[in-house]
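The values are calculated or read from the model by the stated rules, or taken from the named source; none is laboratory data. Keep in mind that this is a model prediction, so the values were computed, not measured. Counting neighbours? That spans all protein chains shown, and the Cβs are built from the backbone with ideal geometry, glycine included. Remember, those area values only see protein heavy atoms, side chains included, never the ligands or the DNA or RNA. Shrake-Rupley method; radii C 1.70, N 1.55, O 1.52, S 1.80 Å.
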Amino acid sequence: MLTTDLVNTAPEVMLSTGDTLPDPDALARFLADHDLHPGTPTAADLAAVRDLRQALRALLEEPDPTRAAALTTAAGGLELRPDPDGHWQWQVRARPGAALADVLALLAGTALLGVLRALGPDRFRHCAAPTCDGMFVDTSRAGRRRYCVPEVCGNRVNVAAHRARRRAGTPVVE
């Protein structure tokens, strides 16, 4: 999810990697990885996106539909438009010339409102890995996800537990 991926780029998330958005080029790569191509980000865009990142973190920690809705009005809003087959569909549209951070706020706010409505605030969580301060929205069917990036944080915890069992002499089934 764009929102949690952006929040998890902050330097306080995984101390070993630091800020994964250190410059406008890194921001451009992040946007491209999320299929967003707004042009070449500037240093001012980067600063505004970093501010948004902190606001989104606060919203993930304390989900609030009013604050999430406020994000969606910064750059545009919802429209009801016909799709190519003539069926009416909701679309999120940024106003022409909207700042990059405002467009990201619009997308993130809309997504958070959808999750709040569909799954509730209990699905907004902190990563359970002891060396990570990441956040995620648990959209799994069972609602039991524990790690922001299971293949990274979950794997680190599993490897540490495996090594501890080996040191303790507990038989390890391979």
- Query: What is the residue count in region 4-18 for residues that are open to solvent by less than 40 Å² (accessible area, probe 1.4 Å) and part of a loop (DSSP other than H, G, I, E, B)?
  - Reply: 5
- Query: Considering only residues of region 41-67 that are in contact (Cβ under 8 Å) with a residue 40 or more places away in the chain and within 18 Å of Gly120 (Cα to Cα), which is surrounded by the most Cβ atoms within 10 Å (Cβ to Cβ)?
  - Reply: Leu56
- Scanning region 100-114 for residues that are open to solvent by less than 30 Å² (accessible area, probe 1.4 Å) and more than 9 Å from Ala68 (Cβ to Cβ) gives Leu100, Ala101, Leu104, Ala105, Leu106
- Message: Between Ala99, Ala70, which is in contact (Cβ under 8 Å) with a residue 40 or more places away in the chain and among the aliphatic types (A, V, I, L, M)?
- Response: Ala99
- Item | Scope region 138-163; condition modelled with pLDDT of 75 or more, open to solvent by 60 Å² or more (accessible area, probe 1.4 Å) and charged (D, E, K, R); matching residues | Arg141, Arg144, Arg145, Arg146, Glu151
- Of residues in region 21-34 being under 27 Å from Gly114 (Cα atoms) and assigned to a loop (DSSP other than H, G, I, E, B), the one most open to solvent (accessible area, probe 1.4 Å): His34
